[in-house]
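What follows is calculated from the coordinates using simple rules that are stated; it is not laboratory data. Remember, predicted model here, so these are calculated numbers, not experimental data. Cβ sites come from the backbone with ideal geometry, for glycine too, and all protein chains shown count toward neighbours.
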Ligand SMILES: NCCCC=O
C-alpha cells in the first residue's frame, strides 16, 4: 500500500474506482496536496455492498464463535499498536491536528484500547435467557447481528470514529461498508487493509471514499446506517433510511454547556475548559462551547479563560510544542471566522483571539467571547471551532434552563464542590454526558451518545455492541 496513491478497499482487495476517478487529499496545515485516493462512485459502492452482503449471508464472520471474532479484534489492536506512529503521522497530515499532543498522544492509544474493549465485548453474551412464559412453550431470545451495515464517519477524528463504528459492529458479527470523509480517508483505508492481516475474512470490512453516503443509506441490502456528523446530515440520512426502514444510529452536533457555580475551583475551570475548547481546534461535537457561570465570579472566569486560551501554542502539527493545529479546510475556517464576525456585529465582546492566523494552511486563534445573548447565533449554533462563550446566571434553576436551551443534547459539564448540587444538576441537564469538575474524557466502557437533535444510539461501551444486534424470539411448542 502506497499512502500517497490509495485505492478503495473492497472485498479484501485494493480496487480502483470503476470510472477511474480520484480525489486529492490536502494537508490543511500547509495547503499542499499530499495524496490522491480513488473516489468511489455508484458502481463501487454496489460492489462493496454486495461483498458485505455475501460475507454476511455465508456466515464467514457471524458464524465464527465470539472467541474467534474476539481474537481477530485483539490482533487488529496489536497490529495498530505496532504501527501507531505511521497511522498518527498520516492522521495529522490529513487533519492538521498535533501529532504528539493528539494523534499519537490520545487518538491512537484510545483507538487501540477501544478495539481491545470490543474484542472483550464480543464475548459478553450476558442477558440472553430462556424460559417457560406460556404453558407448554419454551421461549428463547436470540441476539443476532443486524446484517450488513453502512457507516459514515466524519473528518474530525477519522480513525477513531472508524474504530467506534467498526469495533462494535464487528464484535456483534455484522459486516460493514465504511465511508470515511473525503477530506480524511487514508487512515480508514489503511485500517481496512489491516483487518485482513488480523484474520478478518474478505468482504467483512469494505472502505469506500467519495460522496456516496446516499447510495449506502438507500441500498436495500444495508440493514442499518451509523452516522457521525452534522445534525442536518443526520436528518437527511434518517429520511433516506426511512424508505427501506433501516435502523439508524446517529451521533450528531453538540453545543456543550459548562455550568460554573460560585464555589468552583477557578483554576481547575480554566485548565479543563480551555483544553476542552481548543482541543482538536474545537472541531469536536463534545467540545466545551458555552460557559455559564454565576454572576459573582464572571470577572474571574473571563480573566482565567482568556489567559489560558492565550497560552495555547498554535502551529505546525509536527512541532512537539504545538497544542493546536489547523482547521480542517479553508471553507471551514471561513465558517468559524464568520460566526465570530457575526457575534461581534451582534454586540459581543471578543476577550481574546477572534482572528485568522497569517500563515500557509487554515489556522484560527483560540477565542473567548462574552456579552452574548442566549438567543444569539453564537450561543445557539454549533461553531465547530476553538471558540467559547461566557454567560452568567443568578441561580441554579436559571443555569439549568440556559444550559438546556439549545436544540442539541450531547455533552455538558458542571463545576462545583457541592455534591448534592452535582446530583440535582446532572439529573436536570438534558445531555447524554454530564462531566463533573472536568470536560472531555471518555473511556472505552462509557456509553457516548446524544439526546434531542444530537441523535440517538451509543458509541463505545457494551451498549454500542447492542445497537448492532437484533432480538429474535424463538418459541418452542414443547407439547407439555
Ligand atoms: N471527543 C470525541 C467526540 C467524537 C465526535 O466528535
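One equal scatterer on each Cα of the stretch 149-193, no solvent, Debye formula: the resulting log10 I(q)/I(0) at q = 0.13, 0.16 Å⁻¹ is -0.23, -0.34. For the chain, the longest principal axis of the C-alpha atoms and the axis of helix 158-172 are separated by about 40°.
Enter the angle in degrees (range 0 to 90, nearest 10) between the Cα long axis of helix 330-345 and the first principal axis of the Cα atoms of the chain, meaning the one along which they spread out most. That helix lies at roughly 40 degrees to the long axis. The distance separating the Cα centre of the stretch 404-480 from that of the stretch 317-367 comes to 31 Å.
For the stretch 370-449, the orientation-averaged shadow of the C-alpha convex hull comes to 6.1 nm² (one quarter of the hull surface). Of the beta bridges in the chain, as assigned by DSSP with both residues counted there, near 45 percent are antiparallel. Of the beta bridges in the stretch 338-422, as assigned by DSSP with both residues counted there, near 50 percent are antiparallel. Structural descriptor for the stretch 293-389: relative contact order 25 percent, calculated from alpha carbon pairs under 8 angstrom and at least 6 residues apart. Exposure proxy ranking for 125, 244, based on other Cβ atoms within 10 angstrom of each Cβ and starting from the fewest, stands as 125, 244. In angstrom, the C-alpha Rg and Dmax of the stretch 253-292 are 10.3, 30. Using alpha carbon centroids, what distance separates the stretch 141-199 and the stretch 20-80, in Å? Each part reduced to its Cα centre gives a spacing of 7 Å. Our helix-only sum for the chain, with -39,500 (n - 2.57) per DSSP H run of n ≥ 4 divided by its residues, gives a mean residue ellipticity at 222 nm of -11500 deg cm²/dmol.
With one equal scatterer per alpha carbon and no solvent term, the Debye-computed log10 I(q)/I(0) for the chain at 0.08 1/Å reads -0.49.
For the stretch 270-330, the spread of Cα positions along the three principal axes, ordered from largest to smallest, is 41, 23, 19 Å.
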